[in-house]
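S.K.: Encoded as structure tokens, here's the structure I'll be asking about.
The values are calculated or read from the model by the stated rules, or taken from the named source; none is laboratory data. Predicted model, so just to flag it, every value in this text is computed and none were measured. Glycine gets a Cβ as well: all are built from the backbone with ideal geometry, and neighbour counts include every protein chain shown.
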Amino acid sequence: MTTYGLIGYPLGHSFSRKFFTEKFATEGIDAQYLNFEIPSIEEFPNIIKNSPELRGLNVTIPYKQQVMHYLDDISEEATAIGAVNVVKVEHLDGFEEKVMKGVKLTGYNSDVIGFVESIKPLLKPHHKKALILGTGGASKAIRYGLEKKLGMETAFVSRRKPDGSPHKGGDVQGTERVFTYEEVTDEVLREYEVIVNCSPVGMYPHVDECPALPYEVMNENNLLYDLVYNPLETLFMKKGASQGATVKNGLEMLHLQAIASWDFWKK
């Protein structure tokens, strides 16, 4: 049977598996979607070699960057983002491959598609700058979407300073401005009115946790977007909403990126 799947670690509850299993059943598609929970990216080649019916994979934490080393081709947009969350698996006779003879692996990024389409309706003309909480693979797609697709200025917020940088607000590392959470002052939040949480803080079962921000200075000008969707309303969102901010979780983004994944696999 034609197979699609998800690689990551840990996987736990999988939105993707539920989404595609229901899609295949509803549309009469003879295919299955499996979770491939691997503790190391070094096990990725074994998935390809041991799954001859595999035609596509989604990639989640923590492998969106690591998987790129194994791919034969990467889309221009995914290359610019620096992260891949969709892999198309093609069987081509005589193809000079990296992982397996006759198998071509192509990487794409559908996170940016899902994010941009889901946040766009909420943006107001005064939303010029955004803080991105977290610096993992998902945050790279969010930054690309905010800057290249939506024309916003961005800065990252990280638990630690960039290596070797002095301790001062908003250090610049390459083309990235990076704050620590301690440096996100009232003044910074008034400047960066959009806040996107790309970290797992607040995800089930840690529902009583939230990013350490001065929520008390937020107001109706702020937009808080949480990539977390379990729970549907995180503490991050609750605290923002209590101050009048607009809030949204990542569920619609997941739906949209899943649809885009299917488009990549079938094209």
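S.K.: Kindly check whether there is at least one residue in the stretch 25-39 that is of a type outside the set (S, T, N, Q) and touching a residue at least 60 places away in the same chain (Cβ under 8 Å).
M.R.: No: zero hits.
S.K.: Restricted to the stretch 142-175, and to residues that are assigned to a loop (DSSP other than H, G, I, E, B), modelled with pLDDT of 55 or more and of a type in the set (Lys, Arg), which residue is nearest to Leu213 (Cα to Cα)?
M.R.: Among residues in the stretch 142-175 that are assigned to a loop (DSSP other than H, G, I, E, B), modelled with pLDDT of 55 or more and of a type in the set (Lys, Arg), the one nearest to Leu213 (Cα to Cα) is Arg159.
S.K.: Follow-up. Which pairs do you get when a residue that is closer than 12 Å to Thr60 by Cα, found in the stretch 1-12, comes within reach of a residue that is among the acidic types (Asp, Glu) and surrounded by fewer than 17 Cβ atoms within 10 Å (Cβ to Cβ), reach meaning Cβ atoms under 6 angstrom, with the pair 6+ apart or on two chains?
M.R.: Tyr9/Glu37; Leu11/Glu37
S.K.: Under 7 Å between Cβ atoms, at least 6 apart or on separate chains: pull out the pairs that start in the stretch 231-260 with a residue that is buried (at least 20 other Cβ atoms within 10 Å of the Cβ) and modelled with pLDDT of 95 or more and end on any residue that is among the acidic types (Asp, Glu) and assigned to a helix (DSSP H, G or I).
M.R.: Short answer, once both residue conditions are applied: Gln257/Asp111.
S.K.: Would you confirm, using the coordinates I've provided, whether Lys101 is at pLDDT 95 or above and over 24 Å from Tyr9 (Cα atoms)? Lay out the reasoning, then the answer.
M.R.: On the way: at pLDDT 95 or above: no; over 24 Å from Tyr9 (Cα atoms): yes.
So Lys101 fails the test.
S.K.: Just for the stretch 190-203: of the residues that are assigned to a loop (DSSP other than H, G, I, E, B) and in contact (Cβ under 8 Å) with a residue 40 or more places away in the chain, which one is nearest to the chain's Cα centre (by Cα)?
M.R.: Step by step, filter the stretch 190-203, then rank; the result is Cys198.
S.K.: Shifting gears a bit: Scan the stretch 23-37 and give yes if some residue there is on the phi > 0 side of the Ramachandran plot and small (Gly, Ala, Ser), otherwise no.
M.R.: We begin by selecting, within the stretch 23-37, every residue on the phi > 0 side of the Ramachandran plot; these are 28.
With the extra rule that they be small (Gly, Ala, Ser), the set shrinks to 28.
Within the stretch 23-37 (the criterion being on the phi > 0 side of the Ramachandran plot and small (Gly, Ala, Ser)), the answer is yes, since at least one residue qualifies.
S.K.: Does the stretch 76-120 hold any residues that are of a type in the set (Gly, Ala, Ser), part of a loop (DSSP other than H, G, I, E, B) and either over 11 Å from Ala141 (Cβ atoms) or touching a strand residue (DSSP E or B) at 6+ places or on another chain (Cβ under 9 Å) (or both), and which are they?
M.R.: Matches in the stretch 76-120: Ala83, Gly94, Gly102, Ser110.
S.K.: A further question on this structure: So the check is Cβ under 7 Å with 6+ separation or different chains; which pairs have a first residue in the stretch 210-223 that's under 16 Å from Thr180 (Cα atoms) and a second one that's in a strand (DSSP E or B) and at pLDDT below 95?
M.R.: Listed pairs, sorted by first residue: none to list.
S.K.: Something else now. Can you tell me which residues in the stretch 17-38 are in a helix (DSSP H, G or I) and touching a helix residue (DSSP H, G or I) at 6+ places or on another chain (Cβ under 6 Å)?
M.R.: Hit for the stretch 17-38 is Phe19, nothing else.
S.K.: Kindly provide the set of residues from the stretch 7-48 that are surrounded by 13 or more Cβ atoms within 10 Å (Cβ to Cβ), under 18 Å from Asn230 (Cα atoms) and not aromatic (Phe, Trp, Tyr), ordered by number.
M.R.: Of everything in the stretch 7-48, those that are surrounded by 13 or more Cβ atoms within 10 Å (Cβ to Cβ), under 18 Å from Asn230 (Cα atoms) and not aromatic (Phe, Trp, Tyr) turn out to be Gly8, Leu11, Ser14, Ser16, Arg17.
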